[in-house]
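What follows is a short report on a single structure.
The values are calculated or read from the model by the stated rules, or taken from the named source; none is laboratory data. It should be emphasised that the depicted structure is a prediction, and the values quoted were computed from it without experimental measurement. All accessible areas refer to the heavy atoms of the entire protein, side chains included, with ligands and DNA or RNA removed. Shrake-Rupley method; radii C 1.70, N 1.55, O 1.52, S 1.80 Å.
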Amino acid sequence: MTDLASSRRLSPGAKAALGTFARYATIIGLVAMIVAFSVLSPRAFPTVYNFTNVLNQASLAMIIAGGLTLAVIVGELDLSIGFAASLHGVLVTGLIVSNQLPIPVAILIVVALGAVIGLINGLIVTKVKVNSVIATLGVGTILTGLSFAYSAGVPITSGVPEAFLQVSLGRWLFGIPNNIVIMVLVLGGLWVLVERTALGQEIQAVGGNPAAARLAGIDVDRIKILGFVVSGMCAALTGILLASRLGSGTTSAADPYLLTAFAAVFLGSATLRDGEFHVFGTFVGALIIAFGFNGLNIFGAPTYSQYIFQGAILIIAVGLSSLGRILSQR
């Protein structure tokens, strides 16, 4: 209430200026970062090769963040995604190497499992009424245990077929890395779902006001479960592509994507809209993080600086998102 009251004491011009800043700060920051890095490193940074590499490296984070966006839009949080992606990477590798399953079959099984895990998260939250933070953190911890149980904590590296590696490392369409193509298809599909379909309108209505959505005849629980299912499937796809990229199934390989995904989603909520979560914004947020990491690497910054950068970005993202919401209520 204090923040809202303070915003109301501002002059109309100051409110408009703050609102514009909150909506465009992330895009301005992204452009400024690219320009600064280009000036400081004109030979290494502003090249087609480097930009393609940035998109390729960021594509998996964008996919998992895109799925998380759906869960957050409907008003919930999914903290299981990083642990789930790690499990999926171990499982798909094991199914291919140990069980000799065809690669497409193994991938379909693991994506289906991702949907099941999302369904379980959704049912616990909507039917058992457990807070989504507690529910998904608990499920994620269980998934970590299952991952260690399946692999005995030992990375699965021996016998991984070249065809599986090419799922992530190949360039099957006009020389574009497969991960970029898959990322564009996933985020494009999610954007169309949320922004251009009747189901997307229901998703946004539930996130905006669940009580009003329920009075309007929307099955709120079904929509929330859908958000978790999409989040689970994107986590599964991320784990599969990461295992393909690394050529191994490792129990904790995808864990760091949790923080990256949340940072991208909250940065995205401060992009072009007043604190609203949306898929395009998540894409922009992930780009900011990716270019930031890329610049730090080019300039030889120590590894710990990446953690500092990502933590700071998350704090700034939440702050900008909160500012946008406050100003939108004036």
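Mean separation of Cα pairs under 8 Å and 6 or more residues apart, divided by the residue count, gives the chain a relative contact order of 33 percent.
Each residue of the range 80-97 was assigned a 3J(HN,Hα) from its phi angle through the Karplus expression (A = 6.51, B = -1.76, C = 1.60, θ = phi - 60°), giving 8, 4, x, 5, 5, 4, 4, 4, 5, x, 5, 5, 5, 5, x, 5, 6, 7 Hz with x at Gly and Pro.
Under a GNM of the chain (C-alpha, springs under 10 Å), which listed residue has the highest mean-square fluctuation: Thr250, Thr141, Thr271? Among Thr250, Thr141, Thr271, the largest mean-square fluctuation in the Gaussian network model of the chain belongs to Thr141. Put simply, the C-alpha atoms of the range 111-244 give a gyration tensor, and the ellipsoid matching it has half-axes of 32, 23, 8 Å, longest first.
Of the heavy-atom accessible surface of the range 85-232 (probe 1.4 angstrom), what whole percent is carbon and sulfur? The computed percentage sits at 71.
Per residue, the accessible area of the chain comes to 45 Å² when a 1.4 Å probe rolls over the protein heavy atoms. Of the residues Lys224, Lys127, the one with the largest accessible area comes first in the ranking Lys127, Lys224, computed with a 1.4 Å probe on protein heavy atoms.
Taking all protein chains as they are arranged and a probe of 1.4 Å, the heavy atoms of Val184 leave approximately 90 Å² accessible to solvent. Of the residues Ser252, Ser158, Ser86, the one that moves most in a GNM of the chain with alpha-carbon contacts below 10 Å is Ser158. So what is log10(I(q)/I(0)) for the chain at q = 0.08, 0.09, 0.14 1/Å, when the Debye sum runs over its Cα atoms only? With no solvent term, the Cα-only Debye profile gives -0.39, -0.49, -1.14.
Calculated mean residue ellipticity at 222 nm for the chain: -26000 deg cm²/dmol, from DSSP H runs with n ≥ 4 weighted as -39500 (n - 2.57), summed, divided by the residue count and rounded to 500.
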